[in-house]
Amino acid sequence: MTAPTPAATPRRLELLPAVDVRDGQAVRLVHGESGSETSYGDPLAAALTWQRAGAEWLHLVDLDAAFGTGDNRERIAEVARAMDIKVELSGGIRDDDTLAAALATGCTRVNLGTAALETPEWVAKVIAEHGDRIAVGLDVRGTTLRGRGWTRDGGDLYETLARLDAEGCARYVVTDIAKDGTLKGPNLELLRNVCAATDKPVVASGGVSSLDDLRAIAALVPEGVEGAIVGKALYAGAFTLEEALVAVR
Ligand SMILES: O=C(O)c1ccccc1N[C@@H]1O[C@H](COP(=O)(O)O)[C@@H](O)[C@H]1O
C-alpha cells in the first residue's frame with residue numbers, strides 16, 4: 001500500500017513592514033506625493049524595531065532615488081546590511097550600476113519600477129541574469145502604470161504584465177497609488193484581477209489600515225497573493241506588527 005500524500009500546509013501571507021527613506025529619514029507619503037511626508041525618524045531604528053517584532057521581511061525604499069531628488073544609497077546599504085531578515089529593496093534601480101549597488105547590499109531581491117516601463121530590454125536582460133532576485137513593482141492609478149516617482153504614465157498594467165510574464169519575471173509588487181498612505185483599505189479587486197492575469201506571486205501594497213484588511217488580503221493567498229507591505233498603519237499604531245503576524249498566521 002502506498003503511503004498517503006501528506007496534505008500541503010496552507011501558505012501564510014508574508015508581511016513586509018516598510019521603511020521608506022527620504023532625506024535620510026524614515027517617512028510615509030500620501031498617494032506617493034512628494035511633499036506629503038510624515039517623518040518617523042531614523043530608518044535603521046525603524047527597521048530594527050520591525051525586525052525585533054518578528055518581521056521576516058523588510059521593504060526598504062529609497063524615495064529620493066525614485067523621485068530623482070538625489071539618493072540615500074549609503075543609508076539604505078547600512079540598513080540592509082544590518083538586517084538579519086530578508087530585505088526587498090527599491091527606488092531608483094534603473095541601470096547596471098544602481099542594480100549592482102543594490103544587490104551588493106546583500107538584499108534578497110530588488111523591485112524595479114520605472115525601468116520596467118522605460119527600458120524593457122534592460123529589464124528582460126536582468127530578469128534572465130538574476131531570476132527571482134528581481135521583482136517588478138507595478139504602481140498603478142486605475143490600470144495605468146506610473147513611473148519616475150509615480151509622476152509619469154507608463155502604459156497599461158495588463159499589457160506590461162503579459163510582457164514581463166513572457167520574459168520570466170518572478171514576482172510582482174502591486175501598489176494602488178490611490179490607496180497608498182491613506183489607511184483606506186487595500187484594493188482587493190485589483191489584487192484579484194492581477195492574480196487572475198498571472199501565475200506569478202503578487203505582493204500587495206497600499207491602503208492597509210487594520211488587521212481585518214490583512215485578513216482580507218490573506219484570503220487571497222490561494223489566488224496568488226504572497227505578501228502584503230504594511231507602512232502607515234504600523235507607524236500610526238493602528239496595530240502592532242506582533243498582532244499582524246498573529247492575524248495572518
Ligand atoms: O513607496 C512609495 O511611497 C513610492 C512613492 C513614489 C515613488 C515610488 C515609491 N516607492 C517604490 O519605488 C519603486 C520605484 O522606483 P523606480 O521607479 O524603480 O525608481 C517602486 O517599488 C515603488 O513602489
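I'd like to check something: does the range 190-199 contain any residue that is touching a Lys or Arg at 6+ places or on another chain (Cβ under 6 Å), closer than 25 Å to Asp132 by Cα and crowded, with 16+ Cβ neighbours inside 10 Å? No; the residues of the range 190-199 include none that is touching a Lys or Arg at 6+ places or on another chain (Cβ under 6 Å), closer than 25 Å to Asp132 by Cα and crowded, with 16+ Cβ neighbours inside 10 Å. Every residue in the range 25-46 that is more than 15 Å from the ligand (Cβ to nearest atom) and either under 21 Å from Gly106 (Cβ atoms) or at pLDDT below 95 (or both), please. Asp42, Leu44, Ala45, listed by residue number.
For Gly91, the criteria (1) touching a Phe, Trp or Tyr at 6+ places or on another chain (Cβ under 9 Å); (2) more than 9 Å from the ligand (Cβ to nearest atom) hold in every case but one, which is (2).
The helices (runs of 4 or more DSSP H) found wholly in the range 69-187 and carrying at least 3 residues that are among the basic types (Lys, Arg) and either within 23 Å of Ala18 (Cβ to Cβ) or without any contact (Cβ under 8 Å) to a residue 60 or more places away in the chain (or both) occupy 73-82. Among the residues here, Asp180 qualifies as among the acidic types (Asp, Glu), more than 25 Å from Pro120 (Cα to Cα) and within 15 Å of the ligand (Cβ to nearest atom). Return a yes/no flag: does the range 120-133 have any residue that is within 14 Å of the chain's Cα centre (by Cα), within 14 Å of the ligand (Cβ to nearest atom), buried (at least 16 other Cβ atoms within 10 Å of the Cβ) and basic (Lys, Arg). Taking every residue of the range 120-133 in turn, none turns out to be within 14 Å of the chain's Cα centre (by Cα), within 14 Å of the ligand (Cβ to nearest atom), buried (at least 16 other Cβ atoms within 10 Å of the Cβ) and basic (Lys, Arg).
The values are calculated or read from the model by the stated rules, or taken from the named source; none is laboratory data. A quick note: this is a predicted structure, and the numbers were derived from the prediction, not measured. Backbone-built Cβ (ideal geometry, glycine too); neighbour counts: all protein chains shown.
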